[in-house]
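Everything below concerns the one structure shown next.
Only the coordinates and a few stated rules stand behind these numbers; no lab work does. Quick caveat, the model's predicted, so the values are computed rather than measured. Here Cβ is always computed from backbone atoms with ideal geometry, including for glycine, and neighbour counts include all displayed protein chains.
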Amino acid sequence: MTSILAFILVLGPLIFIHELGHFLCAKLFGIRVLKFSLGFGPKVLGRTIGDTEYLVSAFPLGGYVKMYGESLTEEVASGEERFSFSHKAIWQRFLVVFSGPLFNLIFAVFLFSFIFAIMGISQPVNEARIGGVTVNSPAEKAGLAANDLILNINGAKVQEWNDVAHLIKLSAGNPVTLIVRRGDQSLTITGQPTMEQDKNIFGEVIDTRYMLGIRVADELVHISPGEAIQTGFMHTWVLIKITLLGIVKIIQKVVPASELGGPIRIAQIAGQQMSAGWVNLLHFTGLLSVSLGVLNLFPIPILDGGHLVFFAVEAIRRKPLSVETRERFQMIGLVLLVSLMLFVFYNDFRFLGNGG
């Protein structure tokens, strides 16, 4: 039940924000919006206000904004051209379509900025204090513990965390003797470093070096609202790059395609994040908003990015692609999208079957 509630709390606002971007930009350019729907398929709830029917539809995995004159085959009444999407300038149509993904990215910036403004940012402490010890690591076997302050390694004074990594590396695998302060006590502890692989977030080995299995402590530092907004933008930009790089790594088979998850996996993770606290849930929502914004800009017909490609081609040719050509490409896009959805659903059920 928690997962279902968390799924609604996460996905509902993301769909709404995305469609709101299309809606507001269309209204800005005087385009008549006929429908604003959260979800696809049969209408569950609906109310018409002005020219627009606002809907909640049966299948919640998406939404849509239907605009007057959106289709090239749609007849536009004489004198109504100024309300028609297809009669607007290319740059206006481009912005209407682009605004959906853009609003998702802006929403992510807002969420992250809010989190940083309330909670602060986490950064490593200036001293060589242990923040955590890896289970079954040489450090755990030697008796090192979180919050120990490392003062000395093999007779060399330690002033910052970089000294720790450097001195353990210099040990060449030989035992190292550490003098640490634990509370009011000064302890001498000997550990045996082992050669370990240092991996990035995609599991790629970036270095091999001798390690004890300890990490630096961090602390929360409160920042001003302006710094929180700046950090929110930076965090969103980093996640955009990670999202794009992750897709490249899947194509390169560095990251297995089985890692792709669908609605079931999203609901499960959302439930876990909700149980962990509101900060975790908000951060997961921001992460998902970034992914939704980026993926919708992919140049696949039927996605926003595919429509943007059509507009770019139209700008170069100075005339739109034929209806038949666009329909052909959109059918290809639909097949790709349905295939991807079936694949992620397969991954979800296999994940559940494995006890995930």
Local net charge near PHE23, Cβ-Cβ under 11 Å (Lys/Arg +1, Asp/Glu -1) = +2
Amide H contacts of TYR54 (H built 1.01 Å from N, under 5 Å, at least 5 apart or other chain) | PHE36, ARG47, THR48, ILE49
Greater than 26 Å apart at Cα, pairs in LYS27/LYS241; LYS141/LYS249; LYS141/LYS253; LYS141/LYS199; LYS66/LYS88; LYS199/LYS241 = LYS27/LYS241; LYS141/LYS249; LYS141/LYS253
Rounded to whole Å and ordered largest first, report the semi-axes of the equivalent ellipsoid of the chain derived from its Cα gyration tensor (root of 5λ).
-> 52, 21, 20
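Let me have the 222 nm mean residue ellipticity of the chain computed from DSSP H runs of 4+ only, each contributing -39500 (n - 2.57), with the sum over all residues rounded to the nearest 500. Show your work: numbers first, answer last.
On the way: 9 runs with 177 residues, N = 356.
One gets -17000 deg cm²/dmol as the mean residue ellipticity at 222 nm.
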Taking +1 at the Cβ of each Lys and Arg and -1 at the Cβ of each Asp and Glu, which of GLN252, GLN185, VAL221 sits farthest along the dipole of region 181-304 towards its positive end, judged by Cα position relative to the Cα centre?
-> GLN252
Dipole magnitude of region 123-220, debye to nearest 20 (Cβ charges: Lys/Arg +1, Asp/Glu -1, about Cα centre) | 260 debye
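Work out which trypsin sites (Lys or Arg not before Pro) in the chain are exposed loop sites (DSSP not H, G, I, E or B, at most 14 other Cβ within 10 Å) and give the longest gap free of them.
Numbers: sites that count: LYS253, ARG318.
Result for the longest clean stretch: 1-252.
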Amide H within-cut-off set for LEU61, under 5 Å, with H built and near neighbours excluded | PHE40
Charged-residue dipole, Cβ positions (Lys, Arg, Asp, Glu), region 1-70 about Cα centre, Debye nearest 20 = 100 debye
When SER99, SER224, SER291 are ordered from fewest to most other Cβ atoms inside 10 Å of their Cβ, what list results?
-> SER224, SER291, SER99
Putting +1 on Lys and Arg Cβ atoms and -1 on Asp and Glu Cβ atoms, find which of GLY41, LEU55, ILE4 reaches farthest to the positive end of the dipole of region 1-123.
-> ILE4
Sites removed, the longest contiguous part of the chain containing no DSSP-loop GluC sites (Glu not before Pro) with at most 15 other Cβ within 10 Å is 205-356
Cα axis of helix 225-251 to longest principal axis of the chain: angle in degrees, 0 to 90, nearest 10?
-> 80 degrees
With the charge dipole of the chain built from beta-carbon charges (+1 for Lys and Arg, -1 for Asp and Glu) about the Cα centre, the Cα from GLY30, ILE90, ALA128 projecting farthest to the positive end belongs to ILE90
Work out the length of the dipole vector of region 40-135 about its Cα centre, built from +1 on the beta-carbon of each Lys and Arg and -1 on the beta-carbon of each Asp and Glu, and round it to the nearest 20 debye.
-> 300 debye
Ranking LEU20, LEU61 by Cβ neighbours within 10 Å, fewest first, what do you get?
-> LEU61, LEU20
Select from ASP163, ASP218, ASP184 the residue whose mean-square fluctuation is largest in a Gaussian network model of the chain (Cα-Cα springs shorter than 10 Å).
-> ASP184
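Give the Kirkwood hydrodynamic radius (Å, one decimal) of region 123-220, defined as one over the mean of 1/r across all pairs of different Cα atoms.
One over the average 1/r among Cα pairs gives 13.6 Å for region 123-220.
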Gap in Å between the Cα centre of region 198-246 and the Cα centre of region 270-286?
-> 18 Å
Provide the per-residue ³J(HN,Hα) series for region 269-279, in order, calculated from phi with Karplus coefficients 6.51, -1.76, 1.60 and θ = phi - 60°, each as a whole number of Hz, with x at glycine and proline positions.
-> 5, 4, x, 5, 5, 5, 5, 7, x, 5, 5
In whole Hz, the Karplus estimates of ³J(HN,Hα) for region 59-74 (6.51, -1.76, 1.60; θ = phi - 60°; x where Gly or Pro) are 9, x, 8, x, x, 7, 10, 9, 10, 5, x, 5, 8, 5, 8, 6
Counting only residues 5 or more places away or on other chains, whose amide H sits under 5 Å from the amide H of ASN152 once H atoms are built in the peptide plane?
-> VAL158, ILE179
Helix 90-119 versus the longest principal axis of the chain: what angle, 0 to 90°, nearest 10, using Cα atoms?
-> 30 degrees
Between ILE201, ILE223, ILE90, which gets the highest mean-square fluctuation from a Gaussian network model of the chain, Cα cutoff 10 Å?
-> ILE201
Have a look at LEU14, LEU102, LEU170 and tell me which one the Gaussian network model of the chain (Cα, springs below 10 Å) gives the largest fluctuation.
-> LEU170
